[in-house]
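Below you'll find the structure I mean.
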Amino acid sequence: MTSKIARVVAWSLAEALQWLGDRRPPDAAAAPGIATRLRDAGAQAVCIVDAASVAGRSHTWLDTEHARGWLGSARGAQVIDSSGPERFASHLGAAMNKGFVAADAAVLAAMATADGWRVNDPALLPQLSWSEQARFSDAVVAHPGRLDLYAIVDGVDRLQQVLATGVKTVQLRIKTPCQPAPGWHDTLRSEVRRSVEASVAAGAELFVNDHWQIAAEAGAYGVHLGQEDLLALSDAGRAALQATGMALGVSSHSLWELCRASALAPRYIACGPVWPTLTKAMPWRAQGLDNLAWWCRMAPAPVVAIGGILGTEQVEQAARCGADGICIVRGLGPQPETIVPSLQAAMRTGRAGADAPGSAPEWPHPSLAPDRG
């Protein structure tokens, strides 16, 4: 076996086995274990390119610092031929030279390999599995209407205050304390139940952040989960979540997270932070309007703009990019009834002057500094 391995590896399954000195016949089921062996040998990122073809998708196993799973090509975008791994490796290196970490670069390489450097065609966007099970979705979710102004609140009293302004999309975000006091979960259940009742009465879509079992018990319309929370659920947990029938909103901050969210056929995919935000500390660079426009063009579900949106100018700009929903937290102010009308007007103005779908940038920009990859 060769004593030294490249920092980033993009090989066919046969090439990986050959480097390892493993004479077994190539078997796609072995790809995750083989990638682990290559990582143990010193590779920082491994792509086992076109390890399998299942139900019209080519499958590449991805194992990097930031993401691990099957990268399933869009249907009809198969690249399985003798030159596929070599072309993938070339595009992967080119994307990393543009500043993308390996996981994001692999997404771009999969698209570029399928159609010669076109990375702004939504038909080419791959999906990323959540585990070693290559589970993807081609479901088309029926959407009852636009999400529009999307208010995030921290309790039922604030929720009722916002609903009274006519906002029809709300998220109840109550974070679990590190050490919940006795009775805290009972209070949470009461807040969720009352919030569901108020939202139903107002004809609004309520998404409960994090607490999906409690949301399901209360009959909530939907739930919003971050990717770390979804990863922690396991395949069985994610199946149980989807079996509730609740609409699902998923956060995304990078290309691999966009692809992974797509595999769950969500009600919406959040793109953020669009602008720098003080709401929570995170390693992500601001997406900016260019990435937001790229997300809106590429995502297979409605896109919600979130992060640092504080006033009418930002609402109008986000709407102009094509955002289906626009999240407001601090921007609602202490008296939302005085703020919401101007925010709604800004959203309508932005949509009236919306950029043409084809005007989204050809390339997104990296949302994670390469020195973190």
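Readers should treat all values here as calculations from the given coordinates under stated rules, not as data from a laboratory. Bear in mind the structure is a predicted one, so any value in this text is a computation, not a measurement. Reconstructed Cβ throughout: ideal geometry from the backbone, glycine too, with neighbour counts over all protein chains shown.
What is the angle, in °, between the Cα long axis of helix 31-40 and the longest principal axis of the Cα atoms in the chain? Nearest 10 is fine, range 0 to 90.
80
With the contact rule set at Cα under 8 Å and sequence spacing of 6 or more, what percent relative contact order holds for the chain?
In percent, rounded to a whole number, it is 14.
When we measure straight from the Cα of LYS98, which aspartates and glutamates land under 14 angstrom away, once same-chain ones fewer than 8 places off are left out?
Candidates past the 8-residue exclusion: GLU362, ASP371.
Right, another one. With both bridge residues required to lie in the chain, what share of the DSSP beta bridges run antiparallel, to the nearest 5%?
30
At 7 Å along the Cα-to-beta-carbon direction for both ASP157 and ARG7, put a label point, then send me their distance in nm to one decimal.
5.4
Shifting gears a bit: Taking every DSSP beta bridge with both residues inside segment 8-128, roughly what % is antiparallel (nearest 5)?
Here the share of antiparallel DSSP bridges comes out near 75 percent.
Which whole-angstrom value gives the distance between the alpha carbon centres of segment 82-154 and segment 345-368?
That distance is 19 Å.
Could you work out the helix-only [θ] at 222 nm for the chain, with each DSSP H run of four or more residues adding -39,500 (n - 2.57) and the total divided by the number of residues, to the nearest 500 deg cm²/dmol?
That comes out to -11500 deg cm²/dmol.
Stretch LEU310-SER83 to full length: gain in nm at 0.36 nm per residue minus the Cα-Cα span?
Using 0.36 nm per residue and subtracting the Cα-Cα distance, I get 76.8 nm.
Report the full-extension gain for the segment CYS178 to ASP235: residue separation times 0.36 nm, less the Cα-Cα distance, to one decimal in nm.
Contour length minus the Cα-Cα distance gives 17.9 nm.
While we're on this one: Treating only the Cβ atoms of Lys and Arg (+1) and Asp and Glu (-1) as charged, compute the dipole magnitude of the chain about its Cα centre; round to the nearest 20 debye.
100
What nm value, rounded to one decimal, do you get for the distance between ASP22 and ASN120 when each label is placed 7 Å out toward the C-beta?
4.0
Show me the ranking of peptides 25-37, 228-240, 179-191, 126-138 by mean Cβ neighbours inside 10 Å, starting with the highest.
126-138, 25-37, 228-240, 179-191
With axes computed from alpha carbons, what is the tilt in degrees of helix 227-243 against the longest principal axis of the chain, rounded to the nearest 10 within 0 to 90?
With both axes taken from Cα atoms, the answer is about 80 degrees.
I would also like to ask the following. Could you calculate the contour length gain from GLN335 to THR36, that is, 0.36 nm times the residue separation minus the distance between their Cα atoms, to one decimal place in nm?
Taking GLN335 through THR36 to full extension adds about 102.3 nm, to one decimal.
Counting only Cα atoms, I'd like the Rg/Rh figure for segment 8-128, Kirkwood definition for Rh.
0.94
May I ask for the angle, rounded to the nearest 10°, between helix 84-97 and the longest principal axis of the chain, with both axes built from Cα atoms and the value confined to 0 to 90°?
Taking Cα atoms only, the helix is inclined about 50 degrees.
Along Cα→Cβ, 7 Å out, is where each label goes; now give me the distance between the ones at THR349 and HIS143 in nm to one decimal.
Distance between label points: 2.4 nm.
Evaluated at 37 °C with a viscosity of 0.692 mPa s, what Stokes-Einstein diffusion coefficient in µm²/s does segment 237-320 have when Rh comes from the Kirkwood expression over alpha-carbon pairs?
Answer from the Stokes-Einstein relation: 244 µm²/s.
Across segment 194-235, what fraction of all alpha-carbon pairs, as a whole percent, falls in each successive 5 Å bin from zero upward?
With 5 Å bins starting at 0, P(r) equals 6, 24, 28, 20, 11, 7, 4.
Let me ask something else. Compute the semi-axes of the equivalent ellipsoid of the chain, taking the square root of 5 times each eigenvalue of the Cα gyration tensor, and list them largest first in whole Å.
Equivalent ellipsoid of the chain: 39, 23, 17 Å, largest first.
Would you mind pulling out the separation of the Cα centroids of segment 182-247 and segment 10-80, in Å?
That distance is 36 Å.
How big, in percent, is the set of alpha carbon pairs in segment 148-368 lying more than 22 Å apart?
Cα-Cα pairs in segment 148-368 separated by more than 22 Å: 50 percent.
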